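Notes follow once the structure below has been shown.
The values are calculated or read from the model by the stated rules, or taken from the named source; none is laboratory data. In this text, all values refer to a predicted model and were calculated from it rather than measured experimentally. Counting neighbours? That spans all protein chains shown, and the Cβs are built from the backbone with ideal geometry, glycine included. Accessible surface is based on the protein model in full, side chains and every heavy atom, while ligands, DNA and RNA are left aside. Shrake-Rupley method; radii C 1.70, N 1.55, O 1.52, S 1.80 Å.
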Amino acid sequence: MDFKVVHIDETDSTNHWLKAHGEGTMVVVADYQTAGKGCGSNSWESERGRNLTFSMLIHPDRITAKEQFHITEVVSVALCRTLQSYIYNKVEIKWPNDIYVGDRKICGILIENRLQGNVIVDSIIGIGLNVNQLAFLSDAPNPVSMYQLTGQEADREALLADFLQTFDEVMASETAAQDYRQRLYRSSGSYTFEDAGGRFEGTITGVEADGHLLIRDETGRMRRYAFKEVSFKV
Ligand code: BTN
């Protein structure tokens, strides 16, 4: 995609900035967000000038509203592939769209789609990638940066360029859905989960095309979850 890349020093949130100023196919990168948004009501911690906080505006004409989880698959896989060339340990996707190394979160994704009927008119894909931050101060449970994993500073511009190229490649490929499932965190073995009914032990058996997570619990019962209906426990 022919992204117009705009760098700004500071804004409240790059997702908000694109909603107000975005046109065409665009990427906005901010050195600092005064009100970076995480999922739900969470905020996104990112030290000024140390990380990548950016949002992409795309117009995915071949993806219908029902297929919108495909955007999550493409972005998650592209991030994993990009990061894997910098990081020795396996980079995985914690359902639905957190990027993890081991049990720690290195990158968060906030996708906001604008639909008209069955069509996605705009998709704003916000990405917060922990690059060179040395320590995290917020109460985010388990953040980690590339620097903390590798002991080396990464060039943020080069990393962004790598990611944008990989995003194009994954978007054009036929394998994003399969690659997403192959990269899934805790996809084999039994783990503790929690839903509205409490904690249970279970094994992830799949992710449906629309993004629902499937877990078989210890009694053999299949459980099916939308985003936020189940969480992973230690
Ligand atoms: C999450 O909670 O995991 C999602 C975090 C998304 C953070 C990014 S940083 C760039 C973009 N702008 C925002 O305000 N949020 C996203």
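If you check every pair at least six apart or on different chains, which have Cβ atoms under 6 Å apart with a residue in region 23-36 that is within 13 Å of residue 156 (Cβ to Cβ) first and a residue that is within 11 Å of the ligand (Cβ to nearest atom) and open to solvent by 10 Å² or more (accessible area, probe 1.4 Å) second? So the pair list comes out as 30/11.
Scanning region 13-46 for residues that are surrounded by fewer than 15 Cβ atoms within 10 Å (Cβ to Cβ) and either in contact with a helix residue (DSSP H, G or I) (Cβ under 8 Å, 6 or more places away or on another chain) or not hydroxyl-bearing (Ser, Thr, Tyr) (or both) yields a count of 7. The condition (being polar (S, T, N, Q) and either away from the ligand (no atom under 12 Å from the Cβ) or within 30 Å of residue 206 (Cβ to Cβ) (or both)) is satisfied by just one residue among 46, 41, 13: 41. Counting residues in region 113-133 that are closer than 30 Å to residue 203 by Cα and assigned to a helix (DSSP H, G or I) gives zero. Of all the residues in region 117-158, those that are polar (S, T, N, Q) and within 19 Å of residue 15 (Cβ to Cβ) number 3.
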